[in-house]
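These notes are about the structure you will find just below.
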Amino acid sequence: MNKITSALVFVLFAVGIAIGGLLYSVDGYMHPFYSLGFFAAAILIGSSLKMANTWQKFVVLRAGKLHGVRGPGMFLIIPIVDQIIAIIDERIQTTAFNAEQALTKDTVPVNVDAIIFWHVENAEAAALKITDYREAIDRVAQTSLREMIGSSMLAALLSDRKAADEQLRAEIAAKTAAWGISVGSVEVRDVAIPVALQDSMSRQAQAEREKQARIILGSAEEEVASRFVAAAKAYAEHPIALQLRAMNIIYETTKERGATILIPTAMVDTMNPASALVLAGLAAHNVGEQPLKAAA
């Protein structure tokens with residue numbers, strides 16, 4: 001009984017008692033009929049005046065047949081003839097469900113926990129077409145989850161959660177639409193796999209990372225080697241450039257204070273700046289000849 005109906009019933013009972021007492025004090029006789037009238041009105045209002053909140057729907061049967069869906073707000077029913085068989089909450093509901101030791105498509109046992117967000121869209125269908133729509137949603141969600149796991153590979157189930165959520169939502173929504181239930185979303189919260197399989201997957205991932213690292217290192221070595229080959233060809237065609245490069249290396253290593261480098265005499269003679277200038281002059285006068293021949 002809602003608060004408004006309770007207040008009216010209380011007022012009618014109080015008025016009935018007050019009138020009976022007032023009449024008794026006036027003539028000294030009991031007048032039960034006046035009090036009983038207010039008491040009957042209180043009982044009638046208490047059993048016929050109903051109130052539904054803004055998120056509620058009341059499904060009413062009259063003489064066993066559907067009379068209508070009432071709410072929200074105040075409404076009246078006929079006592080004994082009318083019967084409220086269901087009070088439907090149309091707010092968004094959540095139901096948690098899981099599947100234990102379910103086998104994936106590649107025969108891996110997994111434990112999956114998920115949650116579904118749903119609400120009653122058709123109160124009449126939810127009350128009349130199924131006995132307990134809450135229990136039915138839980139059962140349908142579990143069976144749909146097991147079907148989805150059985151049709152999915154473990155790698156896809158672990159990596160692509162959004163696709164699994166959408167597939168599961170579509171399957172549950174198709175099964176519950178006839179009951180007036182609308183499924184908003186489904187979220188897979190956790191996918192647990194056996195510890196032994198976790199270790200093997202960890203080793204596999206480590207091996208894959210090591211493989212990728214070696215491939216990257218080999219590619220870098222190949223690129224460096226090709227650059228060295230190109231540099232060797234350039235220096236072979238231009239020995240003066242090689243001498244200038246050697247002089248630059250010496251300069252770079254000796255420009256810091258306190259650096260001492262021991263170089264063999266033959267190497268110093270090879271990298272003599274004067275010799276480099278003479279070679280450059282000879283190369284300038286013998287344009288059509290090879291640099292090596294000019295140096296000779």
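The values are calculated or read from the model by the stated rules, or taken from the named source; none is laboratory data. Keep in mind that what you see is a predicted model, and the values were worked out from it rather than measured. No Cβ is skipped: glycine too gets one built from the backbone with ideal geometry, and neighbour counts run over all protein chains shown.
General observations
- For region 127-143, residues that are more than 24 Å from GLN167 (Cα to Cα) and surrounded by 20 or more Cβ atoms within 10 Å (Cβ to Cβ) total 1.
- SER47 vs. criteria among the hydroxyl-bearing types (Ser, Thr, Tyr), surrounded by 14 or more Cβ atoms within 10 Å (Cβ to Cβ) and modelled with pLDDT under 85: no
- Residue that is nearest to PHE117 (Cα to Cα) [pool: residues in region 61-95 that are touching a residue at least 40 places away in the same chain (Cβ under 8 Å) and aliphatic (A, V, I, L, M)]: ILE92
- Test: residue in region 38-48 that is touching a strand residue (DSSP E or B) at 6+ places or on another chain (Cβ under 6 Å) and over 24 Å from GLU171 (Cβ atoms): yes
- Of the listed requirements (1) in the same structural domain as PRO79 (by TED's automatic domain parsing); (2) at pLDDT 90 or above, ARG62 misses just one: (1).
Every residue, every condition in (1) charged (D, E, K, R); (2) surrounded by 14 or more Cβ atoms within 10 Å (Cβ to Cβ); (3) assigned by TED's automatic domain parsing to the domain that holds PHE97; (4) over 30 Å from LEU61 (Cα atoms), yes or no:
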{"residue": "VAL108", "(1), (2), (3), (4)": "no, yes, yes, yes"}
{"residue": "GLU121", "(1), (2), (3), (4)": "yes, yes, yes, no"}
{"residue": "GLU124", "(1), (2), (3), (4)": "yes, yes, yes, no"}
{"residue": "ALA155", "(1), (2), (3), (4)": "no, no, yes, yes"}
{"residue": "LYS162", "(1), (2), (3), (4)": "yes, no, yes, yes"}
{"residue": "ALA178", "(1), (2), (3), (4)": "no, no, yes, no"}
{"residue": "VAL186", "(1), (2), (3), (4)": "no, yes, yes, yes"}
{"residue": "GLN204", "(1), (2), (3), (4)": "no, no, no, yes"}
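- For region 170-198, the set of residues classified as touching a residue at least 40 places away in the same chain (Cβ under 8 Å), part of a helix (DSSP H, G or I) and under 15 Å from VAL112 (Cβ atoms) consists of ILE172, LEU197, listed by residue number.
The rows are residues; the columns are (1) of a type outside the set (Val, Ile, Thr); (2) in contact with a Ser or Thr (Cβ under 6 Å, 6 or more places away or on another chain); (3) more than 30 Å from ALA126 (Cβ to Cβ).
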| position | (1), (2), (3) |
| --- | --- |
| ASP165 | yes, no, no |
| SER185 | yes, no, no |
| VAL188 | no, no, no |
| GLU208 | yes, no, yes |
| GLU221 | yes, no, yes |
| ARG227 | yes, no, yes |
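- Among the conditions (1) surrounded by 19 or more Cβ atoms within 10 Å (Cβ to Cβ); (2) at pLDDT 95 or above, the only one that PHE117 does not satisfy is (1).
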